[in-house]
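Single-structure report; data block below.
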Amino acid sequence: MANKKKKIRIALNKNRQKRTRSNDFTRAFGDQTPAAAESVSGERVRPKGEMSRHRTIMADAAEATASDASSGPPDESSSRRAVDQAAWTAGRVLRVHGLVSVVETEDGRTFPCHVRRLLKSMAIDGRNVVAVGDRVWFRPPEKGGDEGFIERVEARQGVMTRGYRGRRHVLAANVDAVFIVSALAEPGVKISLIDRYLAAAELGGVRPVIVLNKADLVDVSLYQWVVGLYTQLGYETIVTSAADGRGIDRLRGLLRQGVTAISGQSGVGKSSLLNTIQPGLNLRVNEVSDWTSKGKHTTTTAELIRLEGGGYVVDTPGLRQFELWGVLPGELEGCFIEFRPFIPLCRFPDCSHTHEHRCAVKDAVYWGWIHSGRYESYLKLYHQKPDDGS
Ligand code: GDP
Ligand code: ZN
C-alpha cells in the first residue's frame, strides 16, 4: 500500500495560543503537565484543556501510529492502541549522540536507535524529539543491522531544561527528583540559591530534595531553622556529611527510586557525596565552570548513569543547567508554593506582588505566614538579579 494517506492528530503549536490568566492559580498549577515547561513560547501556566488541543494532518498511514505517540496527550487509550507490542520493545533513552540515541531495555541491554522520520518532522522549531530519560518504544535492529528505530516517545513527566538559542531545551526527561545540594559551611548556605533551584524544580515538575552537606564543619543546631523552613513547606530536607557519613543512607535510599539529578553550586560536595554512595562514580560534575565560561554548547549532552544499588543519576556536564531559564514573572509566583493560596486574594488579578497595594502575598509576609527570606528570593528572581554563586 504505497503512500496511503491517513488523518492523524497532532498537538497544536502552543506558540500560537494566547494565555489567559486564571486567578485560581493553585488549581491551574496542579493541572499543568510538565510538557508546559518545555514550551518554547512565552506562555506560562495553562489549563490542561489547552495542553491537549490538537490539529489534524495527513500522514502516511504506515507512520500514523507512530505519530500519536510523541504529540498526543498522555491519554491511556490512544497510547495502548498505537503500541505494536509484537514488534516494538520498551526502553529508556540513556544518551543522545546527534541523530542516534542509545536506548536501554528493562533487562539492561542497550541499542543504538534512530528516530522515525515523522517523529522528527513534528519536533516544533527544532525542539528535541528525543531527550535523555525519555521512555520510548522502538523497533529493534533487523537481522544483520545494528540500529533500531524509535517509533514513539511517551509523554514526559518531569523535565530539566536549559536555555538554548532563546528557547527552552529539554536536557533530561522523566527526572523523578533533584538533589539541591548546599553546604552548611565552605561556602555556607545561601537561601536565595536554594530557592532558585527549588523554583526550577517546581517549574520542571521534578520533586526537589534539599541536601545540606558538610554538617561535620558546623554546629547543626544553629541551622535547624533552615531545615524547619523547608520541611514546613513540605520539601524533604536532609543534613549530610560526605566526611562523617551522616545522611548518606537516606540519600542512597532516595537514589534507588528512579532518576535523580544533582544540582548545586560548585564546591558544595556533589562529587564527594556521590563517591561516598558509589565509589568510583566519576561524574562530570566538575566541568561546570568550564562550560559556563566558554559558553559552548557542544558538551552539554546529559546522560543517565545506572547506579549499582538501582536507580539512575543524570550526569550533565554542567549541573548548573538545572536552573531557572526564561521564566516569566507570572509563572514565577507559582514556583513559590506557599504563595499559591494567597495569589487569588490580591486586589489586582495581574499583581506582581512587588509594589502593588492590597497584595495578599505581601500581607502574608507581613503577618509571618510567608517567610521573609523566601519573599526576598522571589523579589530577586523577579528582578532577575543574578546570585553571586551562579
Ligand atoms: P562539588 O564541586 O560540588 O562536586 O564538590 P566536591 O565534592 O568537589 O567537594 C568540594 C570540597 O569540599 C572538596 O575539598 C571536598 O573534600 C570537600 N567536601 C565535600 N563534602 C564534604 C563534607 O561533607 N565535609 C567536609 N568537611 N568537606 C567536604
Ligand atoms: Zn500580590
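General observations
- Amide H to amide H, with H built 1.01 Å from N, Arg207 comes under 5 Å of Ala177, Val178, counting only residues 5 or more places away or on other chains.
- Amide H to amide H distances under 5 Å link Asn213 with Ser182, Ala183, Leu184, Thr240, where only residues 5 or more positions off or on other chains count and H is placed in the peptide plane.
- Phi-based couplings in Hz for the stretch 331-336 (Karplus 6.51, -1.76, 1.60; Gly and Pro marked x): 8, 4, 4, x, 7, 9
- When peptides 223-233, 89-99, 132-142 are sorted by average Cβ neighbour count within 10 Å, with the highest value leading, the order is 132-142, 89-99, 223-233.
- For Gly311, the residues whose amide H sits under 5 Å from its own are Gly258, ignoring neighbours fewer than 5 places away on the same chain, with H placed 1.01 Å from N.
- If you wrap the stretch 329-382 in the convex hull of its Cα atoms and look at it from every side, the mean projected area works out to 3.1 nm².
Values quoted throughout were computed directly from the atomic coordinates according to the rules given, and no laboratory measurement underlies them. Quick caveat: nothing in here was measured; it's all calculated off a predicted structure. Please note: Cβ atoms are built from the backbone with ideal geometry, for glycine as well, and neighbour counts cover all protein chains shown.
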